[in-house]
Amino acid sequence: MVAAGDIPGAPISEEEALARLRQTQDQSLQYYAAWWLGRMRSRHPEAVPLLLAALGQRQPRDPGAGVEHNAVARNAARALGKLGEDAAIPQLLAALEDNDDGLREAAARALGELRAVAAVPPLCRRLASGPGGAGAPRSDSPRLQEPCEAMLEALGEIGVHQPEVTAVIEPFTLHDRPLIRSAACRALLQLSGEGRWAEPLLQLLQDPQLQVRRAALMDLGAVGWRPALAPICATLAENSLKLIALRGLVENGERHAASVDVESVLAAMDALL
């Protein structure tokens, strides 16, 4: 009979998560443990060192080898971003140069969460070739040459508002894929606070694809653009996602000279419940 603690996805304790990450024979146990430590925002003194060790398990991308190792490394990168430890920045910067684009994506998101200013130059360098280079489709998958969405969002989260940064981001507002356009406009709105970058996001709330509408909701919430209150409420999407976006307006809206007060947002949230 298999015990609950032996099932990779079963509920576990912090000590069990640490033990699973400490061992290196079963990557499926490590994978779930890394996710658990990030999800639970573990403050255990062993958590960050173990996650850094897991991040270091990565191998060169190869269809026949290293898949599990890289999966663990990706979850470790995500967890390190959630734990908010600046000590993780050097290894995340190294992961940003990895040939596994999935790991670069996870590292970019983590560096954005950490507001790692040191990540701005490498992110800009990887995106500098624009939609025709970094944003071009790969020949072997539907993914792009670079994880542009994650990298653009990271630049917005880090918040370095300089002409050379916005010059890299702006071409992606014309990308063929609406999710990339949304990420670029989100970043520019975060960096500049200029309402002209909110307009494309508001238009994407009317997109025929639900996935695009969801992304625009999350992006407006992440920026805290409170003038988007009414359009968010009217979007054809799940109320649960609208509530997340509206919570973002409350939590992130102080950075803008918004025309909608917090009480109005809270009342809209109540109406959706």
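Observations on the model:
- Residue count for the range 99-124, restricted to those that are in a loop (DSSP other than H, G, I, E, B), at pLDDT 95 or above and either more than 14 Å from the chain's Cα centre (by Cα) or of a type in the set (A, V, I, L, M, F, W, C) (or both): 2
Every residue, every condition in (1) assigned by TED's automatic domain parsing to the domain that holds L174; (2) free of Cβ contacts under 8 Å to residues at least 12 places away in the same chain; (3) buried (at least 19 other Cβ atoms within 10 Å of the Cβ); (4) not acidic (D, E), yes or no:
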residue	(1), (2), (3), (4)
A77	no, no, yes, yes
A87	no, no, no, yes
P90	no, yes, no, yes
D98	no, no, yes, no
L103	no, no, yes, yes
A107	no, no, yes, yes
C124	yes, no, no, yes
A150	yes, no, yes, yes
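- Selection count, the range 234-243, where residues are surrounded by 15 or more Cβ atoms within 10 Å (Cβ to Cβ) and in a helix (DSSP H, G or I): 3
- Taking helices (runs of 4 or more DSSP H) as the structural unit, those lying wholly within the range 125-222 and holding at least 1 residues that are in contact with a His (Cβ under 7 Å, 6 or more places away or on another chain) and of a type outside the set (F, W, Y) correspond to 178-192.
- When residues of the range 182-205 are limited to those that are among the charged types (D, E, K, R) and either within 17 Å of E254 (Cα to Cα) or in contact with a Leu (Cβ under 6 Å, 6 or more places away or on another chain) (or both), the one surrounded by the fewest Cβ atoms within 10 Å (Cβ to Cβ): E194
- Answer from P227, P231, P208 - the residue that is in the same structural domain as D261 (by TED's automatic domain parsing), surrounded by fewer than 21 Cβ atoms within 10 Å (Cβ to Cβ) and modelled with pLDDT under 95: P227
- Residue match in the range 126-133 (condition: at pLDDT 95 or above, under 26 Å from G84 (Cβ atoms) and outside the structural domain of G81 (by TED's automatic domain parsing)): yes
- The range 152-167 - residue that is aliphatic (A, V, I, L, M) and surrounded by 24 or more Cβ atoms within 10 Å (Cβ to Cβ) and, of those, nearest to G112 (Cα to Cα): A154
- Output for the range 135-150, where each listed residue is within 18 Å of the chain's Cα centre (by Cα) and not polar (S, T, N, Q): G135, R143, L144, E146, P147, C148, E149, A150
The values are calculated or read from the model by the stated rules, or taken from the named source; none is laboratory data. Because the structure is a prediction, the values reported are computed rather than measured. Reconstructed Cβ throughout: ideal geometry from the backbone, glycine too, with neighbour counts over all protein chains shown.
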